[in-house]
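What follows is a set of notes on a single structure, which appears directly below.
The values are calculated or read from the model by the stated rules, or taken from the named source; none is laboratory data. Since the model is a prediction, treat every value here as computed from it, not as a measurement. Ideal geometry is used to build each Cβ from the backbone, glycine not excepted, and the neighbour counts take in all protein chains shown.
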Amino acid sequence: MEKLFHTLLTLLLFAIHTLPPLAGSFPISPNFPAVFNFGDSNSDTGELTSGLGFRLRPPNGQTYVFKPPSSGRFCNGRLIVDFLMEAIGRPYLRPYLDSISPQSYRRGCNFAAAGSTIQKANAASISPFGFGVQVSQFITFKYKVLQLIQQDEEFERYLPSEYYFKNGLYMFDIGQNDLAGAFYNKNLDQVLALIPTILDIFQDGIKRLYAEGARNFWIHNTGPLGCLAQVVSLFGRDKSKLDEFGCVSDHNQAAKLFNFQLRDLFRKLPEQYPDSRLTYVDIFSIKSDLIINHSSYGFDHSIMVCCGTGGPPLNYNNQVSCGSTGKANGTTIIAKACSDSSKYVSWDGIHYTEAANWFVARHILTGKYSETASFWNP
């Protein structure tokens, strides 16, 4: 049975490698009146810090000055979602739990929280705001907003109307933490076996949003998990586990299979949800290209982190996060930022630098890495 499983896995991974490229589609459009985002730290604009009541230490946020100053982003500057909002002339997405901000919610709201998973959060989770909770937060948000507008139309100056909810864009970038967390107590075969369950839960979230009137869905697949310095430092000590680019093979295999099944689900969703329009964005290919060919794009380091401690080859210490202080062999160490973050793909071993995020956003905006599926009647 085990031999059969591995044979099927080999055939499937071969199929993934030989898939035709995604059909080009139009990039994200400024015609969407509002954007509602769901995800993890890759698109968290301050939800976790607002919800748990803490501030990220400098040098996080040092490259780009946000208003208010505490950006809550796990990055030295802007995220992919920030660049996408800039491209369509929308304000940066305000976190749902940000209770004090000069920004309004009229053009959208962000429910993404660092550490979040598609699966239900448990005692070991970094974030209590799993995907199901984020969807519930959206439903509560919509109900309260429409109630306020019904009481006083003046609120439409600051809050999205029914039209905005119906015609808005619903973005998703989540799943990385489900895979990464699973590897701490499961082998590759067990992680792969978990993927259908993860995607069933994801589809349930889509179903709930569709019932609330959502029709435009923008789905990012997950990136090359095995190329994160955190993963390499913990799971790549045995060099036989690394591929030719220094990435952990098992983690990248899991990411590829997750993306393969996510793309398959994406193609089936319009049949179940008529009048919906979905876009699938191949983040994995963009980030892999950046990591493999980083020097061609002006980056000096692909896996080595900018903000860290420990020196070459990774400059990463799992016990000391960016901006924090810790002890190593009785010596105090501080995770500082490098002198030029634009030369690094990795910011802190888990998240990308603003320069790398801009690279990814630029490629998304070409439309060459996305595919659209719909039963759409304009």
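Does TYR210 satisfy the condition of being outside the structural domain of ASN317 (by TED's automatic domain parsing), touching a residue at least 24 places away in the same chain (Cβ under 8 Å) and not in a helix (DSSP H, G or I)? Considered against the rule, which asks whether it is outside the structural domain of ASN317 (by TED's automatic domain parsing), touching a residue at least 24 places away in the same chain (Cβ under 8 Å) and not in a helix (DSSP H, G or I), TYR210 comes out as no.
Does SER70 satisfy the criteria of being in a loop (DSSP other than H, G, I, E, B), at pLDDT below 95 and polar (S, T, N, Q)? Judged against the criteria, SER70 is a match.
The rows are residues; the columns are (1) in a helix (DSSP H, G or I); (2) over 21 Å from the mean Cα position of the chain (by Cα); (3) acidic (Asp, Glu).
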residue	(1), (2), (3)
ILE126	no, no, no
VAL135	yes, no, no
PHE141	yes, yes, no
TYR170	no, no, no
ASP178	yes, no, yes
LYS186	no, yes, no
LEU194	yes, no, no
LEU199	yes, no, no
ASP204	yes, no, yes
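Tell me, yes or no, whether segment 345-352 has at least one residue that is surrounded by fewer than 24 Cβ atoms within 10 Å (Cβ to Cβ), in contact with a helix residue (DSSP H, G or I) (Cβ under 9 Å, 6 or more places away or on another chain) and at pLDDT below 90. Checking segment 345-352: not a single residue is surrounded by fewer than 24 Cβ atoms within 10 Å (Cβ to Cβ), in contact with a helix residue (DSSP H, G or I) (Cβ under 9 Å, 6 or more places away or on another chain) and at pLDDT below 90. In segment 28-38 there is at least one residue matching the filter, namely being of a type outside the set (A, V, I, L, M, F, W, C), in contact with a strand residue (DSSP E or B) (Cβ under 8 Å, 6 or more places away or on another chain), outside any helix (DSSP H, G or I) and modelled with pLDDT of 95 or more. Contact map, segment 97-116: first residue hydroxyl-bearing (Ser, Thr, Tyr), second residue surrounded by 24 or more Cβ atoms within 10 Å (Cβ to Cβ) and assigned to a loop (DSSP other than H, G, I, E, B), Cβ cut-off under 7 Å, separation 6 or more or different chains; pairs are TYR105/PRO160; SER116/ASP40; SER116/PHE129; SER116/GLY130; SER116/ILE174.
Kindly indicate whether ASN293 is on the phi > 0 side of the Ramachandran plot and either loosely packed, with under 14 Cβ neighbours inside 10 Å or in the same structural domain as GLY39 (by TED's automatic domain parsing) (or both). No; evaluated as a whole, the condition is false for this residue.
Checking each residue in segment 153-177 for being more than 23 Å from SER116 (Cβ to Cβ) and either at pLDDT 95 or above or surrounded by 24 or more Cβ atoms within 10 Å (Cβ to Cβ) (or both) picks out LEU159, SER161, GLU162, TYR163, TYR164, LYS166, ASN167.
Which of the residues that make up segment 238-271 are under 17 Å from TYR170 (Cα atoms) and over 22 Å from the mean Cα position of the chain (by Cα)? Listed by number, the list holds a single entry, PRO270.
For beta carbons closer than 6 Å, sequence separation of 6+ or different chains, a first residue in segment 236-260 that is touching a residue at least 24 places away in the same chain (Cβ under 8 Å) and under 15 Å from ILE198 (Cβ atoms) and a second that is of a type in the set (Asp, Glu) and in a helix (DSSP H, G or I), there are no qualifying pairs.
Set side by side, the residues ASP250, ASP264 differ, and just one is surrounded by fewer than 17 Cβ atoms within 10 Å (Cβ to Cβ) and not in a strand (DSSP E or B), which is ASP264.
Taking the criterion of being in a helix (DSSP H, G or I), surrounded by fewer than 18 Cβ atoms within 10 Å (Cβ to Cβ), out of contact with any strand residue (DSSP E or B) (no Cβ under 7 Å at 6 or more places or on another chain) and assigned by TED's automatic domain parsing to the domain that holds PHE217, would at least one residue in segment 276-287 satisfy it?
No, there is no match, as no residue in segment 276-287 is in a helix (DSSP H, G or I), surrounded by fewer than 18 Cβ atoms within 10 Å (Cβ to Cβ), out of contact with any strand residue (DSSP E or B) (no Cβ under 7 Å at 6 or more places or on another chain) and assigned by TED's automatic domain parsing to the domain that holds PHE217.
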